[in-house]
Amino acid sequence: MLSLYRPGNGLLHRLPTGPKALLLMLVVLGLSFLPSTYWAAGMAWVVAVLGYLLGGLGLSELWRQLIAVRWLIGITLLAQLIFMPLEAAAANSSRVVAAILLAGLLVLTTRLTDLLAAVERGLSPLARLGVDPERVALLLSVTITTVPVLARLGSGVREAQRARGARGGLSTFVVPFLVVALKHADELGEALSARGVQ
C-alpha cells in the first residue's frame, strides 16, 4: 500500500492520529474564516510554515510539497483573479494552498494504517445510521493507492507515444489513457469482488 509517511520525531509525529487530524482540521477551518486580506494571506503561509517546522519535516519538505501542487496554485490564483480583486484572490488562493499543505502534513506525519484505523474508529458511531466504517476505510485506502497508479499509467502512455514517435498532445493522450485507466478499474473491481467486497 502506498504511504507518503516520513519517519521523524517531531511534535506531529508523536501526536495520536485522531487528535492530530482534528487539530489540523480545526486549523484549516480557522484559516477559512479569515477575511480576504493580504494579512490573511500572510497568516495562511505562516501557519503552513509553522506546521512543517513543528512537524519536524522542515522547509525542504514544504518546498517539495509546493512544487508538487504548483499547477494547482497557478490555476487557483488565475481563476480567482478573473473574478476578484488582487487582494481577495491572493487571500483565497493562500488559504486553499495552506489547506492542501496541512492535509499533506497529516499524511506525511501519520502512517496510512494508523490514519485509516482512526477514520474507522471515528465513523464507528455512525454504524447505527447504516454507515459501514470498514467499507469507508477500504474506499479511502483504494482511493489513496489509485492516485499514484494512475500517474504511473499516464507516464507509461506518454513513454509509449514517444517510443512510437507520436506527437504529444492532449487529444492524443486522453483516449489511450482512458483505456488503460478503465482497464485498471475493471481489474481492481474484479480483485475486490474476488475478496467478497460488494
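Key figures for this structure:
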{"item": "Residue check, ALA79 of a type outside the set (S, T, N, Q), touching a residue at least 12 places away in the same chain (Cβ under 8 Å), over 14 Å from GLY104 (Cβ atoms) and open to solvent by less than 80 Å² (accessible area, probe 1.4 Å)", "result": "no"}
{"item": "Count of residues meeting criterion [under 19 Å from the mean Cα position of the chain (by Cα) and free of Cβ contacts under 8 Å to residues at least 40 places away in the same chain] in region 26-49", "result": "3"}
{"item": "Among residues of region 11-25, those that are of a type in the set (A, V, I, L, M, F, W, C) and over 18 Å from the mean Cα position of the chain (by Cα), counted", "result": "2"}
{"item": "Selection within region 107-134 - open to solvent by 60 Å² or more (accessible area, probe 1.4 Å), in contact (Cβ under 8 Å) with a residue 24 or more places away in the chain and more than 17 Å from the chain's Cα centre (by Cα)", "result": "ARG121"}
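The values are calculated or read from the model by the stated rules, or taken from the named source; none is laboratory data. Please read these numbers as outputs of a predicted model, since none were measured by experiment. Cβ sites come from the backbone with ideal geometry, for glycine too, and all protein chains shown count toward neighbours. Just the protein is used for accessible areas: all its heavy atoms, side chains included, with ligands, DNA and RNA removed. Shrake-Rupley method; radii C 1.70, N 1.55, O 1.52, S 1.80 Å.
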